[in-house]
């Protein structure tokens, strides 16, 4: 999961509820929160943060490589 802390669509309480629900359900996941707004990865508009987007894409590609290359679906 990748979140922007300043995203008004999913405030802190909502993120906490999602985290708690996934944890209680025994779901394996990673959780990353960045000091960024909604859609900060989208490469257009004033909220775009290219440095954070690069970090997030690196995390995503690492996950794909780790899980898909090992057949661990």
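Subtracting the Cα-Cα distance of residue 37 and residue 53 from their residue separation scaled by 0.36 nm leaves 4.6 nm. Stretching the chain fully between residue 27 and residue 62 yields a gain of 10.7 nm (0.36 nm per residue, less the alpha carbon separation). The shape of the chain can be summarised by an equivalent ellipsoid whose semi-axes, obtained from the alpha carbon gyration tensor, come to 23, 20, 7 Å from longest to shortest.
The helix-based estimate of mean residue ellipticity at 222 nm for the chain, built from -39,500 (n - 2.57) per DSSP H run of four or more residues and divided by its residue count, is -14500 deg cm²/dmol to the nearest 500. Listed by Cβ neighbour count within 10 Å, with the fewest neighbours leading, 31, 3 appear as 31, 3.
We did not get these values from a lab; they are worked out from the coordinates using the rules stated. Note that the structure is predicted; figures quoted are calculated from it, not measured. Methodologically, a virtual Cβ is constructed for each residue, glycine included, from the backbone with ideal geometry; neighbour enumeration extends over all protein chains shown.
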